[in-house]
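Before any comments, here is the structure.
Throughout, read-outs are computed from the coordinates displayed, never taken from laboratory work. These figures come from a predicted structure and were not determined experimentally.
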């Protein structure tokens with residue numbers, strides 16, 4: 001197994017583990033309205049984003065070239081953007097949440 005593949009697999013595994021926590025925290029701040037498919041794309045975007053740093057750190061330790069690290073990092077960020085675009089397109093067709101009721105105070 002090549003050093004690049006080893007670093008990528010490590011980054012993806014760490015990203016999948018940390019992506020759960022990031023997606024949950026993000027959902028608490030602003031819920032995803034598009035259903036299960038939008039939730040899946042949201043999680044995949046979080047996992048891809050969290051994969052970049054562990055991949056780069058292990059790639060530096062293993063001695064990968066800068067262009068390989070930079071290109072793969074940009075590829076993972078492009079995957080994040082693609083997942084977020086797909087999530088947004090699914091959410092666009094979802095029903096809007098009901099408006100908050102006004103609170104009357106003295």
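Some points to look at:
- Nearest-ten-degree value, helix 66-92 long axis tilted from longest Cα axis of the chain: 20
- Principal-axis analysis of the Cα atoms of the chain puts helix 3-29 at an angle of about 10° to the longest axis.
- Degrees separating the helix 36-62 axis from the principal Cα axis of the chain, which is the longest one: 30
- In angstrom, the C-alpha Rg and Dmax of the range 20-97 are 15.0, 50.
- Inter-centroid distance (Cα atoms) of the range 1-46 relative to the range 51-97, Å: 10
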